[in-house]
Amino acid sequence: MTTTGTGTDRWRWVADPDPHWDADRERVFASVPEGVFPTAPGRPGERLAADWWRVEDGDRVLAYGWLDDVWGDAEILLAVEAGARGTGVGAFTLTRLEEEAAERGLNYVVNVVRDTHPERDAVTAWFLAHGFRADDEGRLRKRVAVRSGNTGQRQAGRPGAGPPAPPDEARQARYTAERDRAAARPHADDPPATGGDLGPGREESGGYVDPEHHRY
């Protein structure tokens, strides 16, 4: 695992190059309110799609960040364990995800707060307070890079800037394989299958964040 510099001595931002559903994810996602994600948890040991990071405080995992840049922008989600909400971990995770997107030369981070979220208005307001804007399709987007400058170099404390760049061939091939596998799985309109719905980072993303001023 690699650790990214974070600018704080309290929390560590740790990349997970081979993400699988494990006990820490089970614990964190189990504390997310019902209705935030429309899918059931993953199966133990199952490999997860896209790119994952975790936020650590000592030996304990407090939160996860997820990013998928296959379409040119960075679709993101955040999950913070119940006991860490209201501490700033959500904002910390969001900032790190923005930096990851900027270092790849992407222009926007994108999140969707689902209609079923029990605190949809509060979470949407949290995103808007952190610089996101709603588009006509109900997605929340924030620009994290410009079309000039050097990708990955911070300027005046902001994430790096640079022109958008497509994912490399290896990443594109991995995402294509994940999409093909997802397409073969049962969907909501199909008859129930023995495995149930898919968990976070497996079939579709959604927006769960930690609004610091709203505890669940």
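The values are calculated or read from the model by the stated rules, or taken from the named source; none is laboratory data. Because the structure is predicted, anything quoted here is derived from the model rather than measured. Reconstructed Cβ throughout: ideal geometry from the backbone, glycine too, with neighbour counts over all protein chains shown.
For the reader, a short list of remarks on this structure follows.
- Scanning the stretch 101-130 for residues that are out of contact with any Ser or Thr (no Cβ under 6 Å at 6 or more places or on another chain) and under 18 Å from Asp68 (Cβ atoms) yields a total of 13.
- Residue in the stretch 34-47 that is part of a strand (DSSP E or B) and surrounded by fewer than 20 Cβ atoms within 10 Å (Cβ to Cβ) present: yes
- Residues of the stretch 48-60 satisfying the condition of being buried (at least 19 other Cβ atoms within 10 Å of the Cβ) and either of a type in the set (Val, Ile, Thr) or modelled with pLDDT of 95 or more (or both): Asp51, Trp52, Trp53, Arg54, Val55
- Filtering Leu48, Leu97 for residues that are touching a Gly at 6+ places or on another chain (Cβ under 6 Å) and more than 22 Å from Ala23 (Cβ to Cβ) leaves a single hit, Leu97.
- Looking across the stretch 40-50, the residues that are touching a residue at least 40 places away in the same chain (Cβ under 8 Å) and in contact with a Phe, Trp or Tyr (Cβ under 7 Å, 6 or more places away or on another chain) come down to Pro41, Gly42, Arg43, Glu46, Leu48, Ala50.
Yes or no, residue by residue, for (1) assigned to a loop (DSSP other than H, G, I, E, B); (2) in contact with a Ser or Thr (Cβ under 8 Å, 6 or more places away or on another chain); (3) farther than 20 Å from Phe127 by Cβ:
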| position | (1), (2), (3) |
| --- | --- |
| Leu67 | no, no, no |
| Leu78 | no, yes, no |
| Gly86 | yes, no, no |
| Phe92 | no, yes, no |
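- Those residues of the stretch 1-24 which are assigned to a loop (DSSP other than H, G, I, E, B) and modelled with pLDDT under 85, in sequence order: Met1, Gly5, Thr6, Gly7, Thr8, Asp9
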